[in-house]
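Q: Before I ask anything, let me first share the structure, which is written out below as structure tokens.
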Amino acid sequence: MSDTAPLLAVEGLTVALPPGAERAHAVEGIGFTLARNEILCIVGESGSGKSMTAHAIMGLLPQPQVRATAGRILYHGEDLLRADPARMRALRGHKLGMIFQEPMTALHPIMRVEAQIAEVIQQHAPLDRAALHARVTELLLAVGLPDPGRLRRAYPHRLSGGQRQRVMIAMALALGPDILVADEPTTALDVTTQAQILALIRDMQAARPMGVLLITHDFGVVAEVADRVAVMQHGAIVEIGPVAQILEAPEHPYTRSLIAAVPRLAAAPRRLAADAPVMLEAEAVTKVFAQRSWIPGRGTEVVAVKNVSLALRRGETVGLVGESGSGKSTFARCVVRLLEVDSGAIRLDGTDIAALGRRALRPFRRRIQMVFQDPYASLNPRRLVGDIIAAGPLAHDVPRAEARRRTDELLALVGLDPQSATRYPHEFSGGQRQRIGLARALAMQPEILVADEPVSALDVSVQAQVLALLADVRARFDLAMLFITHDLRVAAQVCDRVAVMHRGEIVELRPTAELFADPRHPYVRELLAAVPGRRWLPAVAG
């Protein structure tokens with residue numbers, strides 16, 4: 001094979017879906033090449049066929065329900081679609097490495113980190129115990145994990161999201177593959193961790209003659225690392241070319257619509273009425289978690305939220321931003337009394353709801369509602385959507401007929417057919433489930449909405465739709481909103497003021513436009529500098 005020949009060539013690939021699916025083919029007639037030392041990004045919305053293409057390359061399609069029915073996938077001239085299972089097992093991990101989208105589900109929950117990495121190595125190139133231990137330590141250091149002696153003995157649930165993703169990268173690179181397939185490796189990670197993972201992939205690719213196929217829906221990621229870009233829609237590649245061409249002069253209408261939906265980093269000045277009343281006031285809120293130990297006296301305490309104070313006015317959206325573990329979601333759960341505070345006050349119209357007992361709190365529950373980060377986990381899979389939305393009003397003695405009428409109105413308000421009330425949550429897309437979660441929160445006719453990462457895992461176009469819906473709902477009902485996010489681009493679009501949290505404390509709280517134009521705290525400057533594609537974003541701000 002010559003040096004100029006592609007490392008991977010996909011020709012006319014078609015992947016059939018089972019009967020009854022929403023379309024006949026997940027992927028139909030697509031073709032592209034991947035060169036050595038190249039990063040090719042495949043972008044598109046959920047359902048466009050990106051991940052199915054990756055799974056076809058890796059031989060991981062759930063056959064026989066989903067199978068490749070036409071085309072070729074050539075690796076060094078060998079058609080992977082015709083390789084038997086034994087041959088694909090020999091290639092996976094050794095020549096073809098993959099980073100999965102959700103490391104928590106891809107890593108074995110009851111195997112230590114060292115055992116999981118070692119298993120990959122032992123399958124292809126067995127080493128003695130000392131050499132294996134040294135190789136695992138070397139890999140953990142290579143992917144930037146501190147204290148490998150401790151981390152190699154840890155279980156996945158004891159690691160952060162960024163650390164788990166680094167372990168996945170170490171496993172994928174353990175044997176120096178020719179091709180690395182990375183399926184949404186930075187989805188839902190905070191911006192600093194995201195920047196570190198992207199830099200790590202780029203550095204690893206530069207250090208060895210490897211081709212990288214990176215699947216993403218984030219054009220900021222594309223701008224940061226891609227050499228070429230392929231845009232997929234409904235199972236077809238609608239545009240492919242060098243990254244500069246795709247980002248600066250896209251030709252296909254679908255590509256232009258995706259880029260137009262990217263949240264801009266610049267914030268527009270917003271003004272609230274000077275006499276807007278304060279709806280919610282948190283004063284010196286502190287929450288401490290105790291970590292028990294089976295050894296007496298060896299337990300520890302983690303201060304998740306420390307002396308946090310902020311006020312939220314009617315009609316205002318205050319953003320709470322920061323990295324994972326900064327205390328954002330813990331504070332949000334304290335505000336809605338899903339967690340009890342250890343000290344401080346949370347006042348709703350002057351009443352400290354943090355100090356109320358369960359019975360006295362009941363009238364206040366209706367006035368403050370929450371939209372959760374993962375709607376699939378927060379919606380009961382065994383209940384119909386209509387019953388889920390109506391449950392809150394019914395629990396607060398709203399007549400059943402009125403609760404049903406309100407359910408139909410809210411489904412229409414969030415852009416869903418009222419007939420959706422007779423379906424289950426698993427029958428909807430991620431964006432639709434988020435709309436159902438919003439409808440459930442609005443069913444209580446609240447005055448304050450707490451939105452915890454409501455768009456973090458959504459495609460850019462669906463994200464834009466949900467953000468527009470939240471803005472419309474806020475204006476329509478004159479809601480106050482506490483908006484938790486790790487994405488500064490999203491915060492710039494929706495928030496009047498932004499509070500930046502770091503290690504449980506608010507380090508800066510200012511109007512959004514002022515904070516983005518002139519960040520004062522070093523940590524805030526670090527967050528802004530880590531936004532992927534930050535050099536490209538101003539170019540599309542118009």
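Q: Under 6 Å between Cβ atoms, at least 6 apart or on separate chains: pull out the pairs that start in segment 399-419 with a residue that is without any contact (Cβ under 8 Å) to a residue 12 or more places away in the chain and end on any residue that is aliphatic (A, V, I, L, M) and in a helix (DSSP H, G or I).
A: 418/411; 418/412
Q: Any chance you could count how many residues in segment 3-27 are assigned to a loop (DSSP other than H, G, I, E, B), small (Gly, Ala, Ser) and more than 28 Å from the chain's Cα centre (by Cα)?
A: Selection size over segment 3-27: 3.
Q: Among the candidates 524, 490, 500, single out the residue that is buried (at least 18 other Cβ atoms within 10 Å of the Cβ), part of a helix (DSSP H, G or I), in contact with an Asp or Glu (Cβ under 6 Å, 6 or more places away or on another chain) and on the phi < 0 side of the Ramachandran plot.
A: Answer to the selection: 524.
Q: If you don't mind, another one. Can you work out which of the residues in segment 47-88 that are small (Gly, Ala, Ser) and surrounded by fewer than 16 Cβ atoms within 10 Å (Cβ to Cβ) is farthest from residue 219 (Cα to Cα)?
A: Per the criteria, the residue is 86.
Q: With the structure loaded, tell me whether residue 81 is closer than 23 Å to residue 49 by Cβ, in a helix (DSSP H, G or I) and modelled with pLDDT of 90 or more or whether it fails that test.
A: Yes: the conditions hold for residue 81.
Q: Looking for something closer than 25 Å to residue 382 by Cα and at pLDDT 90 or above - is there at least one such residue anywhere in segment 451-466?
A: yes
Q: With the requirement that a residue be in a loop (DSSP other than H, G, I, E, B), under 13 Å from residue 487 (Cβ atoms) and out of contact with any strand residue (DSSP E or B) (no Cβ under 8 Å at 6 or more places or on another chain), what does segment 182-209 give you?
A: 188, 189, 190
Q: While we're on this one: When the residues of segment 503-513 are filtered to those that are at pLDDT below 95 and at negative phi, which remaining residue is nearest to the chain's Cα centre (by Cα)?
A: 512
Q: What number of residues in segment 226-247 are out of contact with any Cys (no Cβ under 9 Å at 6 or more places or on another chain) and either part of a loop (DSSP other than H, G, I, E, B) or more than 21 Å from residue 32 (Cα to Cα) (or both)?
A: 2
Q: Starting from segment 273-284, keep only residues that are more than 26 Å from residue 340 (Cα to Cα) and of a type in the set (Gly, Ala, Ser), then list their pairs with residues that are surrounded by 13 or more Cβ atoms within 10 Å (Cβ to Cβ) and at pLDDT 95 or above whose Cβ atoms are within a distance under 6 Å, requiring at least 6 positions of separation or different chains.
A: none
Q: Further question: What number of residues within segment 378-407 satisfy the criterion of being assigned to a helix (DSSP H, G or I) and touching a Gly at 6+ places or on another chain (Cβ under 8 Å)?
A: Selection size over segment 378-407: 3.
Q: Oh, and also: Among the residues of segment 25-33, are any at positive phi and at pLDDT below 90?
A: No, because not a single residue in segment 25-33 is at positive phi and at pLDDT below 90.
Q: Just wondering, is there one or more residues in segment 433-449 that are free of Cβ contacts under 8 Å to residues at least 40 places away in the same chain, part of a helix (DSSP H, G or I) and either surrounded by 22 or more Cβ atoms within 10 Å (Cβ to Cβ) or not aromatic (Phe, Trp, Tyr) (or both)?
A: Yes, some residue in segment 433-449 is free of Cβ contacts under 8 Å to residues at least 40 places away in the same chain, part of a helix (DSSP H, G or I) and either surrounded by 22 or more Cβ atoms within 10 Å (Cβ to Cβ) or not aromatic (Phe, Trp, Tyr) (or both).
Q: Just name the residue that is farthest from residue 368 (Cα to Cα) out of those in segment 280-308 that are small (Gly, Ala, Ser) and at pLDDT below 95.
A: In this case the residue turns out to be 297.
Q: Taking only segment 28-65 into account, find how many residues are free of Cβ contacts under 8 Å to residues at least 60 places away in the same chain, within 19 Å of residue 184 (Cα to Cα) and part of a loop (DSSP other than H, G, I, E, B).
A: 3
Q: For residue 431, work out the one condition from (1) of a type outside the set (A, V, I, L, M, F, W, C); (2) under 19 Å from residue 320 (Cα atoms); (3) modelled with pLDDT under 85 it doesn't fulfil.
A: Of everything listed in (1) of a type outside the set (A, V, I, L, M, F, W, C); (2) under 19 Å from residue 320 (Cα atoms); (3) modelled with pLDDT under 85, residue 431 misses just condition (2).
Q: List the residue pairs whose Cβ atoms are under 8 Å apart, where the first residue sits in segment 300-317 and is in contact (Cβ under 8 Å) with a residue 60 or more places away in the chain and of a type in the set (Gly, Ala, Ser), the second is surrounded by fewer than 16 Cβ atoms within 10 Å (Cβ to Cβ) and part of a loop (DSSP other than H, G, I, E, B), and the two are 6 or more positions apart or on different chains.
A: Taking only residues 6 or more apart or on different chains, the pairs are 315/272; 315/273; 315/276; 315/478.
Q: Of the residues 162, 144, which is small (Gly, Ala, Ser), in contact (Cβ under 8 Å) with a residue 24 or more places away in the chain and touching a Lys or Arg at 6+ places or on another chain (Cβ under 9 Å)?
A: Exactly one of 162, 144 is small (Gly, Ala, Ser), in contact (Cβ under 8 Å) with a residue 24 or more places away in the chain and touching a Lys or Arg at 6+ places or on another chain (Cβ under 9 Å), namely 144.
Q: Out of (1) over 25 Å from residue 219 (Cα atoms); (2) modelled with pLDDT of 90 or more; (3) surrounded by fewer than 22 Cβ atoms within 10 Å (Cβ to Cβ), the odd one out for residue 477 is which?
A: The one condition residue 477 does not meet is (2).
Q: Please report, ordered by residue number, the helices (runs of 4 or more DSSP H) entirely within segment 84-132 with at least 3 residues that are farther than 21 Å from residue 142 by Cα.
A: By residue number, 85-91.
Q: Which members of segment 333-386 meet the condition of being surrounded by fewer than 17 Cβ atoms within 10 Å (Cβ to Cβ) and under 18 Å from residue 422 (Cα atoms)?
A: Residues satisfying the conditions are 376, 380, 381, 382, 383, 384.
The values are calculated or read from the model by the stated rules, or taken from the named source; none is laboratory data. Everything quoted here is computed from the prediction, not taken from an experiment. Cβ atoms come from the backbone with ideal geometry, glycine included; neighbour counts cover every protein chain shown.
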